[in-house]
Structures are given as structure tokens and as C-alpha cells.
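Everything on this sheet refers to the single structure shown next.
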Amino acid sequence: MISKQFECVRGALVDLGAFLNIAAADEHVPEVERWIRTIKERVRSIYDSLTFKKMPARLIAEMIYTSVYWLNIFPSESGVSSTLSPKALVTGCKPDIHNHCKLEFGTYVQTHEAHNNSMSWIKRDSQD
């Protein structure tokens, strides 16, 4: 049985030149199924390349985020633009090779951030 909750926007989408395809509850949309399979394959390849014995939930979530990020960073052959990626179209941000391609996912890094040991950041109560 097809849900009617999105039928109200069909006319507005036709005016914009878009086609609304409402899927039934158990109907599979091949394009979406293929996209999900691609993401799963990429996450599995990252997972297999890591040397960790246990994977925290946050690391798995970041693997998924990274996979989707890299899929959206390049223009799609069947997309609306042959030069702009989906990410650039939605956010306006283009990838920077010096920022986005420095390290491989899962690489251990040690950083140092400037700091001081003073207590000046503590807000004092006015009654002191």
C-alpha cells in the first residue's frame, strides 16, 4: 500500500520539473539500494584496513561519515552538474587537497595545542 502523505507536494514538484516517485512500504528503490551497498562496501574496506582489535561506536560512525563524504566530494556522472560535486552544490564548499588529503582514515596522530596553566579563565563571582 502506497502512503499518501507526500501526495500534497506532487504539484509543486512538477512545477519545478521534478518527478515524485512514492515507494510502497516494502518496495525497494534500486538507486537507493545501490547507494547503501556502495557505502557498506567502502566502510568494510576501511574496517579491514585498520589494525584495531576493538572498534568503538564513534569510530564506526566516523567510517560511515568518511565514506559518504568521499562519495559526495566528486561530481556525479548522472548529477545535475558535470563540474560541481553534490557537496559543493549543497554547502558551497570545495575540497582542499592540503586540508582533506593529509592523512588516511585511522592514522594515529599526536597534536599539540597552545595553552597556559594560569587560572585566568575562571570567572570570579562578584562577591569575592
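The values are calculated or read from the model by the stated rules, or taken from the named source; none is laboratory data. Everything numeric here is computed off the predicted structure, so don't read it as measured data. For neighbour counting, all protein chains shown are included, and Cβ atoms are generated from backbone atoms with ideal geometry for every residue, glycine included.
Could you tell me how many of the residues in region 51-61 are within 27 Å of A88 (Cβ to Cβ) and surrounded by 15 or more Cβ atoms within 10 Å (Cβ to Cβ)?
0
What residue, of C101, C93, is exposed (fewer than 10 other Cβ atoms within 10 Å of the Cβ) and farther than 22 Å from I36 by Cα? Break it down stepwise before answering.
Details: C93 fails: exposed (fewer than 10 other Cβ atoms within 10 Å of the Cβ).
On inspection, the qualifying residue turns out to be C101.
Which condition number does G79 fail, the rest of (1) exposed (fewer than 11 other Cβ atoms within 10 Å of the Cβ); (2) of a type in the set (G, A, S); (3) in contact with a Leu (Cβ under 9 Å, 6 or more places away or on another chain) being met?
Tallying (1) exposed (fewer than 11 other Cβ atoms within 10 Å of the Cβ); (2) of a type in the set (G, A, S); (3) in contact with a Leu (Cβ under 9 Å, 6 or more places away or on another chain), G79 fails exactly one: (1).
With D128, D48 as the choices, which residue is of a type in the set (D, E, K, R), at pLDDT 80 or above, surrounded by fewer than 10 Cβ atoms within 10 Å (Cβ to Cβ) and out of contact with any Gly (no Cβ under 7 Å at 6 or more places or on another chain)? Before the answer, list the steps.
On the way: D128 fails: at pLDDT 80 or above.
Only one candidate qualifies: D48.
Filter region 70-83 down to residues that are modelled with pLDDT under 85 and hydrophobic (A, V, I, L, M, F, W, C), then give me how many there are.
So the count comes out to 1.
Hey, does region 25-37 have a residue that's in contact with a Ser or Thr (Cβ under 8 Å, 6 or more places away or on another chain), exposed (fewer than 10 other Cβ atoms within 10 Å of the Cβ) and more than 14 Å from S67 (Cα to Cα)?
Scanning region 25-37 turns up at least one residue that is in contact with a Ser or Thr (Cβ under 8 Å, 6 or more places away or on another chain), exposed (fewer than 10 other Cβ atoms within 10 Å of the Cβ) and more than 14 Å from S67 (Cα to Cα).
Among the numbered criteria (1) within 17 Å of the chain's Cα centre (by Cα); (2) surrounded by 12 or more Cβ atoms within 10 Å (Cβ to Cβ), which single criterion is violated by R10?
Answer for R10: the failing condition is (1).
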